[in-house]
Every structure is written in structure tokens, then in C-alpha cells.
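Peer 1: Here's a structure for you.
Rule-based calculations on the coordinates, nothing more; no lab input. None of these values were measured; they are calculated from a predicted model. Backbone-built Cβ (ideal geometry, glycine too); neighbour counts: all protein chains shown.
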Amino acid sequence: MAGSTTGPKADTIAAEQLNIQDWVKGLAAIPAKDFSLETVQDYILRHAVRPETIHKYCYFSKGSYTRNLIFKNEVFECMTVCWEIGQHSRVHNHRDQNCWMSVPVGRLRVQNYHVDHRDSSRGTCKIVPTDAYIMDATHPSYVNPLEPVHEVINAPEFNERAVSIHVYSKPFDSCEVYQRDKGTYADVPLFYTSEYGELNPAEKLL
């Protein structure tokens, strides 16, 4: 996410409002060779998801934000991430994969970081905050692949739940998580709270 810039954002409601199934079908219709940062962002700017159509994929937990798989193939995966008030992700990357984010419900703040003094043999580094921006229904965005370390925050002052839709190309099942106070980073596995609308049996929502 050189220079901690973000992708283009929409300033008006997208021209076409789709249910989530048709929205994903549109993404899946993009040929793999054309599934680029710019092409997918253009699609997301032009096509919004009607929020009432994502209820099946919305699971909330007081303990943590949740990751809810909607669609997955070899090219990309799509999921909702559900945020209670005040919840935030850890500072993380996306395994060198592209990521696009939209927020049909509520709003979220994204804080970007620059990584300095990385020592892979010791698992240490220094992360420095750079730019930050707000995402909402009219402002989708994407992670800058040149500086991809970031944190997503449903700030307490927003005072409402949020649901974001994330598209990752290609799918990945782990990421690096950074602990700013300790100056360390480590590989962390990723899990789905629910898959295709069904809660995973191992998950216990608070």
C-alpha cells in the first residue's frame, strides 16, 4: 500500500447496484489474464453490492472480527469481514497478492505502514505509520502492492457495525502479522469463520 498511496476511490454511488451473487459472477467472468489491479478496481467502482443481499454471509462476534467466505477459485477469493464497534485487524500483509476492499455497511479506517530494518533471520523490523483513509459505501479502495502492510479499524467513534467485502487474488491461507510495540513479525495462519453462508463447526461466536 513507493509512497503509501491508495487506489482510486469512487465519489458517487456506483452506476449499477447488484446482489452479491451477481456481483461475484461479474468478477468470475473476468479472464484470469485480465484479473489485474486496475481491471478489478474499475469493476468495483462501477458495480456496488446491495447490502441487504449479504446477510447470509454476515456473522459477528464480540471476540474478534470475522472472515466469511463467499466464493473461491484458483484466481480469487471473495469474503465479507464483519466488524463490531471498536474492532480492528492486526497489522498485516497479504502475501504479495492483490486486495480490493469495499464497505457496503458502515465505514472503516485503513492505516498504512512502511516497513524498515527488516531482519528475516530474527523476525524483527520497524513499522512506521504512513497515510490513512476512510472507506465507506461510496469509497472502495485497494491495497497498494508496493507498500502492502496495513491495519483496518472500525473506530469507536464511528459507533456502528461495519461489513467489508474483500477480494484477494490469488487466495492465500497465511499472512505476516507485525507487532509494532515489540518490533517483531511472524507468519500467522488464516481461517474462515463461515464458508458459503454456513458457520464453521469449530467456531464459537461470542
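Peer 1: What number, rounded to the nearest 500 deg cm²/dmol, is the helix-based mean residue ellipticity at 222 nm of the chain, given -39500 (n - 2.57) per DSSP H run of at least four residues and division by all its residues?
Peer 2: -2500 deg cm²/dmol
Peer 1: If you project the alpha carbons of the stretch 162-206 onto the principal axes, what extent comes out on each, in Å, largest first?
Peer 2: 37, 29, 22
Peer 1: Now a separate question. When the Kirkwood radius is taken over all Cα pairs of the stretch 80-121, what Stokes-Einstein diffusion coefficient follows at 10 °C and 1.306 mPa s, in µm²/s?
Peer 2: 120
Peer 1: With no solvent and one point per C-alpha, what does the Debye sum give as log10 I(q)/I(0) for the stretch 27-122 at q = 0.15, 0.24, 0.25 Å⁻¹?
Peer 2: -0.78, -1.49, -1.54
Peer 1: Further question on the same structure: Determine, for the chain, the count of lysine pairs separated by eight or more sequence positions (or lying on different chains) whose alpha-carbon distance falls under 21 Å.
Peer 2: 11
Peer 1: Please report the net charge: other residues with Cβ closer than 14 Å to the Cβ of His92, K and R +1, D and E -1.
Peer 2: Net charge in that neighbourhood comes out at -2.
Peer 1: For the chain, divide the Cα radius of gyration by the Kirkwood radius and give the resulting Rg/Rh value with two decimals.
Peer 2: 0.94
Peer 1: Taking only Cα atoms of the stretch 24-82, what ratio of Rg to Rh do you get with Rh as the Kirkwood inverse-distance radius?
Peer 2: Radius of gyration over Kirkwood radius for the stretch 24-82 works out to 1.01.
Peer 1: Could you work out, for the stretch 115-206, what percent of all Cα-Cα pairs fall into each 5 Å distance bin, beginning at 0 Å and stopping at the bin that holds the largest distance?
Peer 2: For the stretch 115-206, the binned pair fractions read 2, 9, 15, 19, 20, 19, 11, 5, 0 percent.
Peer 1: In nm, to one decimal, how far is the modelled label at His114 from the one at Asn19, with both set 7 Å along Cα→Cβ?
Peer 2: 4.7
Peer 1: Ranking request for peptides 196-205, 149-158: highest mean number of other beta-carbon atoms within 10 Å first, then the rest in descending order.
Peer 2: In descending order of packing, they fall as 149-158, 196-205.
Peer 1: If we sort 121-127, 136-142 on the protection proxy, mean other Cβ atoms within 10 Å, highest first, what's the order?
Peer 2: Descending mean neighbour count gives 136-142, 121-127.
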